[in-house]
Each structure stands twice: as C-alpha cells, then as structure tokens.
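Below is one structure, written out as structure tokens; comments come after it.
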Amino acid sequence: MLNATVDFLKCKINENLGDFLPDVGIVLGSGLGELADEYCKFAIPYSEIPGFETSHVSGHKSRLVFAEINGKKVVMMQGRFHFYEGHSIQKVVFPIKVMKKLGVKTVILTNAAGGVNPAFNPSDLMIITDHINNMGVNPLIGPNDDEMGIRFPDMSEVYSQKHINMVKKTASKLGIDTQEGVYMALTGPSYETPAEVKMARIIGADAVGMSTVPEATVAKWAGMDVIGISCICNSAAGVSTVALAHEDVIRAANVAKDRFKTLVKEVIGNL
Ligand code: HPA
C-alpha cells in the first residue's frame, strides 16, 4: 500500500505543481492548522488518498497540503490520525512513512498538550526534548521494513539536539518565549486523572498528550530529523483545579497560533 500511495501522490503533485518534492514534513496539531491555509499551493483531502484514514476531531481539517515556506518545499498534514479514534497504530504512522518515501528529511511534529510542569502556562510553546511512550503500543511492532529502518532502532536522541538548539535560538531572535520539556503520550481520549498526571510528573514528564510519540518513533527509525513543538493548552488535571474541556484547548491554541506560526516559518527557513 505504501508504494501505491506514494506513486499516487507523486502523480498528483506532478499534475499540479510539476517538479516538486518536499524536504520538510509538518504535522499540525489541534488548533494549529492555519499555517497550511496560509501557504497552501495544492491540497488533497485524506479521503482521496489511498491508505489514508479520515480524521474527525474538531479543530482539525483533514488534508495533505503542499506549500513553499521560506524557500523550502513542505508537505503538511492539516490534522493527524489519532490512536483514540480507533485507527490502528500502523494507520496513525502511515503518513510519516509516506513523507519519508517522498524524500522528506526533517519532520516537525506539533500538538496541543496539557502542562504537567507547574511552571507552564496555557498557550506556552514547549520545545520537546524527549518523550515517554505511555500508550502501551509501539508503532514498530510487526515485521520490520528493513529498507526503511533497522529492527532495534536507537532512541537516545529522537529530537535532534542540533535542531532543539536551532529552534531555541530562532525563538529567542524572534522574541518568542519557549519552554523545553519531556512529552508523555497516553492513548486518550479521556483526559488524565490527577493521579495519572502526578505519575507523569514523577516519571519525568513536563507535558501530556495523545499523539506525536508514534510519529516521532517512526520518523527517527526511518532516519529523519525530528523537531517537536507542543502548545501547552491547559494545565493538566490536578495541576489545574478546573475541569478540562476540548473547547478550552482549542481556545488556548488560538491564543498561541500567531506565535506558533511565526516560529515554525522561521524554523523552516533555518533548516
Ligand atoms: N491531556 C492530554 N492531552 C491534551 C491535554 C491534556 O491535558 N490538553 C491538550 N491535549
């Protein structure tokens, strides 16, 4: 299926954009999809792409967008596939494998997350320095595609330090404050209990969310550089005393989106 999808996309790209192959792949998280609207040269709805699923989460569009940003050719997922939607973990990471086959060298994974570190505030941007997979599943389980990566890939530097430094420097030049930290993924779709958030903190997490880790794992395995940026949309359960609601998450992402877009645009230019 992977090769058929890649052939389909190459054909569509060629028809619409001619000689265009992306170097950079971006996954846009909840409420952060505007970058794709702003720069879209050509887009294909997921429903038309063989092997892709449809994402139904509000705050997400469901299309693959091709664009040129700051001189770089980019493919953007405007909306991702979540494990909690019932997609298999293989379907969740399928687009990352497609990006690799299209020639993408660097992926920028973004998400909305809950702040576990008490120093974080809603709408802060957190550069992901490492992650904890607490989803109970690894997307590399199953037969290994030796052409794409090895059976037991090293994960000691999933988020490349060189790129973390570059994102920090870029943000600081732009006058954008950033946090740094460890992102822990759980399956969702329920938000965490305060006890789970306490556990997350104890085991080293600064933020919790329901995505990114599967994609980062596959991207690293496949030899791509990974950059991760979380929009801290709320204080996680127990850190905050108010009940969590998806609408509040989207609202906080909205507050951060201009800063987020400015940062990501500049980061792309610096790749
Ligand atoms: N927990 C998990 N995922 C999230 C949260 C949260 O508090 N906020 C946004 N996505």
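Which shape class applies to the stretch 134-271: rounded if a/c is under 1.5, otherwise prolate when a/b exceeds b/c and oblate if not, where a ≥ b ≥ c are the square roots of the Cα gyration tensor eigenvalues?
oblate
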Which residues in the stretch 203-242 place their backbone N less than 18 Å from a point set 7 Å from the Cα of Val255 along the Cα-to-Cβ direction? 207-208, 230-242
The stretch 90-142, Cα convex hull volume normalised per residue, Å³: 122
Too long at a 23 Å Cα-Cα cut-off: which of Lys168/Lys198; Lys220/Lys257; Lys41/Lys220; Lys72/Lys220? Lys168/Lys198; Lys220/Lys257; Lys41/Lys220
Cα shape, the stretch 106-211, gyration tensor, a/c 1.5 rule: oblate
Would you calculate, for the chain, the mean residue ellipticity at 222 nm contributed by helices, counting each DSSP H stretch of 4 or more residues as -39,500 (n - 2.57) and dividing by all residues, to the nearest 500? -11000 deg cm²/dmol
Can you return the aspartates and glutamates within cross-link range of Lys97? Criterion is Cα-Cα under 16 Å, with same-chain partners fewer than 8 residues away left out. Asp7, Asp23, Glu53, Asp145, Asp146, Glu147, Glu215, Asp225
Given axes a ≥ b ≥ c from the Cα gyration tensor, I'd like to know whether the stretch 10-82 is rounded (a/c under 1.5), prolate (a/b larger than b/c) or oblate. oblate
Angle, helix 89-102 long axis vs. longest principal axis of the chain, Cα atoms, 0 to 90°, nearest 10? 50
For the stretch 2-270, with equal point scatterers placed on the C-alpha atoms only and solvent neglected, what are the log10 I(q)/I(0) values from the Debye formula at q = 0.17 1/Å, to two decimals? -1.42
Residues in the stretch 148-179 near a label at Thr262, defined as backbone nitrogen under 17 Å from the 7 Å Cα→Cβ point? 167-179
Find how many whole Å separate the alpha carbon centroid of the stretch 207-256 from the alpha carbon centroid of the stretch 40-112. 16
Past the 18 Å Cα-Cα mark, which pairs from Lys10/Lys91; Lys73/Lys101; Lys12/Lys91; Lys73/Lys261? Lys10/Lys91; Lys12/Lys91
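Just so you know, all these numbers are worked out from the coordinates, no wet-lab data involved. Bear in mind the structure is a predicted one, so any value in this text is a computation, not a measurement. No Cβ is skipped: glycine too gets one built from the backbone with ideal geometry, and neighbour counts run over all protein chains shown.
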